Every structure is written in structure tokens, then in C-alpha cells.
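The block underneath contains the structure these notes are about, expressed in C-alpha cells.
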Amino acid sequence: MSQGYQRSLPLLDDLNRFYWTSGKDGVLRMLRCQSCGHWQHPPRPVCPKCLGRKLEPDTLSGKGKVFSFTVNAKSWGPGLEVPYVIGIVMLDEQDGLQLTTNLRDVAPEDVKIGMPVEVFFEKDEDVWLPMFRPTMQAASA
Ligand SMILES: [Zn+2]
């Protein structure tokens, strides 16, 4: 057993399992209403827009922008490196579609509101945690 920092992992249920295991193939997925196309996160069984009940996981680009962030300088446990950046990322697919995440591969003083970021995943036990880092500026292959 590791003595390191144990982060609290999400509890998986039938509604959110797809989300927390989506990173298995490196793709971010969220529920999307099959009636009106509205993205829904966190997962809920009913679309808030049209009250439709046919929501299914769909793939996202994994790209977004930093909406807000906070730098945490307090070490909450051994093995947790500080400072680290907790950010709210607004996804490109839909205005208001956001998630709270960790921003990586960027110094806390370099994080800016509106900065383009992209998803990557960190596997922890049986979940893939979505993290974000600055979008690569180099041309993609
Ligand atoms: Zn809908």
C-alpha cells in the first residue's frame, strides 16, 4: 500500500460510469440530448433544455478555454505537489458547458483566463481523470 496522497475518486454509477472511463481511449465524452443536441454535464437523466429523456454519451473535441482558476499552495497530504492549479474549463462545444479540473504542464503564474487548453487523462485505479493543459501550438499530424 502506498503512503502517498489519496485523492478521493468519484463513485461510479450507471449514469456517470461512461464519463469516468471515457479516457480509456483518450476521448472526452459527455451526455448529449438526442432530441435537441444540448450537452449535459454533470450527467443527469433529463435534458434541462427540452426535458427529453434520451441522453447518450457523445464525443467532444476535448478543447476549451480557461474560464477561471485558483492556485492551491497548501499541501493537503503527502505526495501532493504544490502549488497546483484548479481550473474551470469552458468547453468549445457549448456555451456554459464546463468542468472543474486540474491544469497541468503550465506554471501557475502563466495561467490566464481565456487560455486555450486541451484534455488529457490520468488513470487512477479504474477511473480516468480528465486534466487539461495548454493546447499545443505545433501543427498536428
Ligand atoms: Zn434536449
Next on the checklist: Taking the condition of being outside any loop (DSSP other than H, G, I, E, B), open to solvent by 70 Å² or more (accessible area, probe 1.4 Å) and within 12 Å of the ligand (Cβ to nearest atom), how many residues in segment 45-64 meet it?
Outcome noted: 1
Checklist entry - Do we find that Phe67 is among the hydrophobic types (A, V, I, L, M, F, W, C), open to solvent by 80 Å² or more (accessible area, probe 1.4 Å), more than 16 Å from the ligand (Cβ to nearest atom) and touching a strand residue (DSSP E or B) at 6+ places or on another chain (Cβ under 6 Å) in this structure? => result yes
Next on the checklist: Kindly evaluate Val117 against the criterion of being surrounded by 15 or more Cβ atoms within 10 Å (Cβ to Cβ), in contact (Cβ under 8 Å) with a residue 24 or more places away in the chain, under 19 Å from the mean Cα position of the chain (by Cα) and not in a loop (DSSP other than H, G, I, E, B).
Outcome noted: yes
Next on the checklist: It is to be established whether one or more residues within segment 54-68 are touching a residue at least 40 places away in the same chain (Cβ under 8 Å) and among the charged types (D, E, K, R).
Outcome noted: yes
Checklist entry - Can you pull out the residues in segment 96-114 that are under 11 Å from the mean Cα position of the chain (by Cα) and surrounded by fewer than 19 Cβ atoms within 10 Å (Cβ to Cβ)? => result Leu97, Gln98, Thr100, Asn102
Next on the checklist: I need a count of the residues in segment 70-90 that are among the aliphatic types (A, V, I, L, M), in contact with a strand residue (DSSP E or B) (Cβ under 6 Å, 6 or more places away or on another chain) and open to solvent by 60 Å² or more (accessible area, probe 1.4 Å).
Outcome noted: 1
Checklist entry - Taking Glu93, is it loosely packed, with under 12 Cβ neighbours inside 10 Å and within 16 Å of the ligand (Cβ to nearest atom)? => result no
Checklist entry - When residues of segment 65-92 are filtered for being within 19 Å of Ile113 (Cβ to Cβ) and not in a strand (DSSP E or B), how many remain? => result 2
Checklist entry - If you scan segment 7-41, which residues turn out to be within 16 Å of the ligand (Cβ to nearest atom), within 17 Å of Gln98 (Cβ to Cβ) and open to solvent by 40 Å² or more (accessible area, probe 1.4 Å)? => result Arg32, His41
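The values are calculated or read from the model by the stated rules, or taken from the named source; none is laboratory data. Values in this document were obtained by computation on a predicted structure and should not be read as measured data. Positions of Cβ are backbone-derived with ideal geometry, glycine not excepted, and every protein chain shown enters the neighbour counts. Accessible surface areas use protein heavy atoms only, side chains included; no ligands, DNA or RNA. Shrake-Rupley method; radii C 1.70, N 1.55, O 1.52, S 1.80 Å.
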